[in-house]
Amino acid sequence: MGRRLGVMGGTFDPIHFGHLVTAEEALAQFELDEVVFIPTGQPWMKEHPVAAPGEDRYLMTVIATASNPRFSVSRLEVEREGSTYTVDTLRALAAERPDAELFFVTGADAMLEILHWKDPEEVLSLAHFIAATRPGYDIAVFEAGAPAQNARVSVMSIPALAISSTDIRRRVKGGRPIRYLVPEGVKSYIEKAGLYR
Ligand code: NAP
């Protein structure tokens, strides 16, 4: 039987416990065999450039996931020249692992835009989609949105997503604590590399 492969797409700027809980929950709810985290390279449709370089976001993701034998991290997007498109990533994964069934996991806000991504029909044909929402997220907004019309999109509510990368970056800039919001190794990396100041 083919393996059920979770694909965690995100900027991870920085990775935090909300992302890790999301991946673990997807693993359990959708009976996945493994989850590969794919930090974005140069994201498409971003109003603001990412705060930390791809290499730092990749290394923080490796540190955060190291203790989980079912989690791994891919350099696919950080090494890609030019803009990051999910269709290219899913095509590459499908070619690399032809027996795997792909489950793309990301935030609901990002997934609402899926029909505006590059080659949306092909994107939707290559994987199942799991949209993670924060507490208090108005699911009606998502359900009214286009992606919900597709049966391959599921929504998963994750209380730990009360943590956000934006808040963490603000905290670092303001000299406020981030302990217990990110793994200890990620906190140390942010301090050592002088990120988000
Ligand atoms: P984003 O706008 O930075 O994030 C949107 C929201 O989703 C934020 O609240 C974010 O929280 C949350 N989020 C992001 N990734 C998550 C994850 N894996 N699990 C749970 N919550 C998550 O979105 P993005 O990171 O740039 O893009 C998300 C994914 O969609 C990426 O893989 C990206 O390549 C893909 N995408 C593709 C296209 C395209 O192909 N054209 C266009 C847009 C996005 P935090 O800030 O706390 O992470």
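The values are calculated or read from the model by the stated rules, or taken from the named source; none is laboratory data. Computed from a predicted model, the values in this text were never measured in an experiment. Reconstructed Cβ throughout: ideal geometry from the backbone, glycine too, with neighbour counts over all protein chains shown. For accessibility, only protein heavy atoms count, side chains too; no ligands or nucleic acids. Shrake-Rupley method; radii C 1.70, N 1.55, O 1.52, S 1.80 Å.
Charges on Cβ only, +1 for Lys and Arg, -1 for Asp and Glu, centred on the Cα centroid of the chain; of A160, T86, F142, which one is farthest towards the dipole's positive end? Of the candidates, A160 comes out farthest on the positive side. Protection proxy ranking of 83-95, 16-28, by the mean of other Cβ atoms within 10 Å over each peptide's residues and highest first, is 16-28, 83-95.
What ranking do 125-131, 172-178 get when scored by the average of other Cβ atoms within 10 Å per residue, highest first?
Working: 125-131: 20.9, 172-178: 12.3.
Peptide ranking by packing, descending: 125-131, 172-178.
Stretch E191-R91 to full length: gain in nm at 0.36 nm per residue minus the Cα-Cα span?
On the way: separation 100, 0.36 × 100 = 36.00 nm, distance 3.63 nm.
Here the segment from E191 to R91 would lengthen by 32.4 nm.
Ligands, DNA and RNA left out, the accessible area of segment 105-186 computed with a 1.4 Å probe is 52% carbon and sulfur. With the simple spin-label model, which puts each label point 7 Å out from Cα in the Cβ direction, the N68 to A144 separation comes to 3.3 nm. Couplings 3J(HN,Hα) of segment 96-106, computed from phi: 5, 10, x, 8, 8, 9, 9, 10, 8, 10, 7 Hz, in residue order, whole Hz [Karplus 6.51 cos²θ - 1.76 cosθ + 1.60, θ = phi - 60°; x for Gly and Pro]. Rolling a 1.4 Å probe over the protein heavy atoms gives the chain an accessible area of 50 Å² per residue. Magnitude of the charge dipole for the chain, about its Cα centre and with charges confined to Cβ atoms of Lys, Arg (+1) and Asp, Glu (-1), is about 860 debye.
According to the square roots a ≥ b ≥ c of the eigenvalues of the Cα gyration tensor, what is the shape class of segment 59-197, taking rounded for a/c under 1.5, prolate for a/b larger than b/c otherwise, and oblate for the remainder? Taking the square roots of the gyration eigenvalues as a ≥ b ≥ c, segment 59-197 is oblate. When the Cα positions of F12, L124, G41 are compared along the charge dipole of the chain, F12 comes out farthest toward the positive end, with charges on each C-beta of Lys, Arg, Asp and Glu.
Please sort 184-194, 158-168 by packing, taking for each peptide the average over its residues of neighbouring beta carbons within 10 angstrom, highest first.
Working: 184-194: 15.1, 158-168: 17.3.
Descending mean neighbour count gives 158-168, 184-194.
Can you give me the angle between helix 184-193 and the longest principal axis of the chain, using Cα atoms only, in degrees from 0 to 90, rounded to the nearest 10? Computed tilt is about 70 degrees.
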